[in-house]
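Here's the structure, in structure tokens; my notes come after.
The values are calculated or read from the model by the stated rules, or taken from the named source; none is laboratory data. Since this is a predicted model, take the numbers as computed values, not measurements. Heads up, the Cβs are rebuilt from the backbone with ideal geometry, glycines too, and the neighbour counts pull from every protein chain shown. All accessible areas refer to the heavy atoms of the entire protein, side chains included, with ligands and DNA or RNA removed. Shrake-Rupley method; radii C 1.70, N 1.55, O 1.52, S 1.80 Å.
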Amino acid sequence: MGFKIIAIDGPTGVGKSTIARQLAGKLDYLYVDTGAMFRCLAWSWAAQGCPESDESLEKLGDQTKIVFENEKVICDDTDVTQEIRTEQISAQASKISRFPSIREVMKKQQRALVEEVRRSESYHGAVLEGRDIGTVVFPAAEFKFYVDASPEIRAKRRLLQLRERKEDADYEKILADLRKRDYQDQNRKIAPLKPAEESIIVDTASLSVEDVLDYLLDCVATEKEISQ
Ligand code: DC
């Protein structure tokens with residue numbers, strides 16, 4: 001079996017990361033959280049005062065060093081694993097992701113990362129999760145999934161997570177933030193969030209993480225590949 005690419009796209013808060021990480025683990029594939037890459041750029045961008053000129057953005061994209069190390073995300077030699085998960089960075093990542101130069105540099109880096117692993121034969125394939133993996137970054141991916149759920153369902157799940165962690169949580173605010181990010185991600189001019197034409201849509205409304213994982217594994221095992 002040759003090296004395969006699995007694209008998992010979908011909106012914020014739908015559980016893509018959990019699903020993609022577990023799927024990669026089961027298949028012995030490389031797992032790439034492309035949202036974390038945008039978050040790292042947003043983190044550096046915020047530190048620089050959010051400049052919007054093409055020149056500053058290009059420099060930011062080219063010079064920010066992003067490394068995945070085991071479960072950690074290292075940006076410019078700083079462990080930002082926790083720091084990039086704040087609401088502020090979420091909003092800034094969504095904002096910075098609309099700039100063409102940023103999208104271009106991310107696409108290049110994501111492709112290079114996978115190419116390196118393909119050549120080194122260190123994994124059997126790669127699972128990448130994001131917004132534009134099946135549509136733009138790897139349009140020829142062997143498997144494309146679009147994982148979805150309504151904003152209300154995603155907001156309820158997030159509310160429960162925060163309550164379990166005993167953190168402040170307000171359903172209406174969570175829902176409003178989710179809707180805002182959905183709007184930004186779906187309506188930007190370049191590489192907006194949308195299912196690739198041939199992607200398998202997985203509505204997770206009534207499915208547990210295990211159900212989704214079983215379904216995806218079954219698709220991969222039975223080679224429900226996209227006919228190119
Ligand atoms: O998946 P996430 O919530 O960590 O992603 C953070 C932001 O990054 C998201 O609002 C949009 C952007 N993003 C993107 O534009 N393209 C990707 N492939 C991944 C994330």
Pairs, please: C-beta under 7 Å, at least 6 apart or cross-chain, first residue part of a strand (DSSP E or B) and in segment 62-77, second among the aromatic types (F, W, Y) and open to solvent by less than 100 Å² (accessible area, probe 1.4 Å)? C75/W43
For Q82, only one of the following conditions fails: (1) within 15 Å of the ligand (Cβ to nearest atom); (2) in contact (Cβ under 8 Å) with a residue 24 or more places away in the chain. What is its number? (2)
Scanning segment 94-142 residue by residue, those open to solvent by less than 20 Å² (accessible area, probe 1.4 Å), out of contact with any Phe, Trp or Tyr (no Cβ under 9 Å at 6 or more places or on another chain), among the hydrophobic types (A, V, I, L, M, F, W, C) and near the ligand (Cβ under 9 Å from one of its atoms) turn out to be I133, V137
Of the conditions (1) at pLDDT 95 or above; (2) farther than 30 Å from D62 by Cβ; (3) surrounded by fewer than 13 Cβ atoms within 10 Å (Cβ to Cβ), A149 clears all except one; give me its number. (3)
If you take the residues of segment 23-37 that are open to solvent by less than 20 Å² (accessible area, probe 1.4 Å) and under 8 Å from L128 (Cα atoms), which of them is farthest from the ligand (Cβ to nearest atom)? V32
Taking the conditions exactly as written (within 13 Å of the ligand (Cβ to nearest atom) and not in a loop (DSSP other than H, G, I, E, B)), does L178 satisfy them or not? yes
Scan (1) open to solvent by less than 50 Å² (accessible area, probe 1.4 Å); (2) small (G, A, S); (3) assigned to a helix (DSSP H, G or I) for the single condition A196 breaks and write down its number. (3)
Of the residues in segment 148-163, those that are within 16 Å of the ligand (Cβ to nearest atom) and part of a loop (DSSP other than H, G, I, E, B) come to A149
Return the pair list, or none, for Cβ contacts closer than 6 Å from residues in segment 174-193 that are over 13 Å from G10 (Cα atoms) to residues that are more than 10 Å from the ligand (Cβ to nearest atom) and among the basic types (K, R), at least 6 apart or on different chains. I174/R158
Hey, F145 under 18 Å from the mean Cα position of the chain (by Cα), among the aromatic types (F, W, Y) and within 13 Å of the ligand (Cβ to nearest atom) or not: no
Among D203, D182, D218, which is among the charged types (D, E, K, R), over 14 Å from I6 (Cα atoms) and open to solvent by 50 Å² or more (accessible area, probe 1.4 Å)? D203
